[in-house]
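Notes for the one structure printed next.
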Amino acid sequence: AQSVTQPDIHITVSEGASLELRCNYSYGATPYLFWYVQSPGQGLQLLLKYFSGDTLVQGIKGFEAEFKRSQSSFNLRKPSVHWSDAAEYFCAVGAMGNTPLVFGKGTRLSVIA
Amino acid sequence: SAVISQKPSRDICQRGTSLTIQCQVDSQVTMMFWYRQQPGQSLTLIATANQGSEATYESGFVIDKFPISRPNLTFSTLTVSNMSPEDSSIYLCSVLKPTGYEQYFGPGTRLTVT
């Protein structure tokens, strides 16, 4: 069965600092991987996705993520965090064949001045 | 992409009552799903809404509590029955388009049970 682990429940970074949010997945075949962001009281917004090809994917809002098969990881990064990035971030794994996404427990990002 | 609307956007309900949430998509989709997000938690899949047949429920969710309908390829409803405060959550509709790659989410229905 698919599963996603986000080891960090809460991360606090200073504005302008770099960010890395960790995500590890468990899946028998080649996974489709996603990062979503949820601001307080808002719906889910897709940041980026990986299906195949280049293992470094670029997303919206300056985010990127790198797929590392050997480590079963898909970590999200941003070189310089803005205060508006404070939100909940969810990593998710899916597969072709009409299967629903499985979500990690999320990482809450706080940004301080 | 897919544009998904949900009604109502939020509601406050008395315990013991039921609420039906509607999900409308702007195009035909292959799969429709219902998720629950309890306060401060991640998303948990409730069921897959199957067009023309009974929904497929995940472990821990039953049809009597969460009856689901999907009369066509663009519409589904989720009913939360005999509500208790523990049902206070955000309920999200999600769809997969025929390409089967990307899953889209509705804005959610925020339910509070008092």
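We did not get these values from a lab; they are worked out from the coordinates using the rules stated. Being a predicted model, the structure only gives us computed values, none of them experimental. Here the Cβ is made from the backbone with ideal geometry for all residues, glycine too, and neighbour counts use every protein chain on show.
For this structure, a couple of remarks:
- Matching residues in segment A:52-62 - criterion: being part of a loop (DSSP other than H, G, I, E, B) and over 23 Å from A:S26 (Cα atoms): none
- Selected residue [buried (at least 19 other Cβ atoms within 10 Å of the Cβ), under 15 Å from the mean Cα position of the chain (by Cα) and polar (S, T, N, Q)] from B:S89, B:S5, B:S81, B:S69: B:S89
- Tabulated pairs, segment B:65-80, first more than 20 Å from B:V113 (Cα to Cα), second among the β-branched types (V, I, T) and not in a strand (DSSP E or B), C-beta under 8 angstrom, 6+ apart or interchain: B:L73/B:V29; B:T74/B:V29
- Look at (1) in a strand (DSSP E or B); (2) aliphatic (A, V, I, L, M); (3) within 14 Å of chain A (Cβ to nearest Cβ) and you find that B:L78 fails only one, number (3).
- Selection within segment A:49-88: residues that are surrounded by 14 or more Cβ atoms within 10 Å (Cβ to Cβ) and among the polar types (S, T, N, Q). The member of this set that is farthest from A:S110 (Cα to Cα) is A:S72.
- Residue list for segment A:71-104, restricted to those being part of a loop (DSSP other than H, G, I, E, B), over 11 Å from the mean Cα position of the chain (by Cα), closer than 21 Å to B:S94 by Cβ and not hydrophobic (A, V, I, L, M, F, W, C): A:G97, A:N98, A:T99, A:P100
- Those residues of segment A:11-51 which are more than 16 Å from A:Q71 (Cα to Cα) and either small (G, A, S) or not in a strand (DSSP E or B) (or both), in sequence order: A:S14, A:E15, A:G16, A:A17, A:S18, A:S39, A:P40, A:G41, A:Q42, A:G43, A:F51
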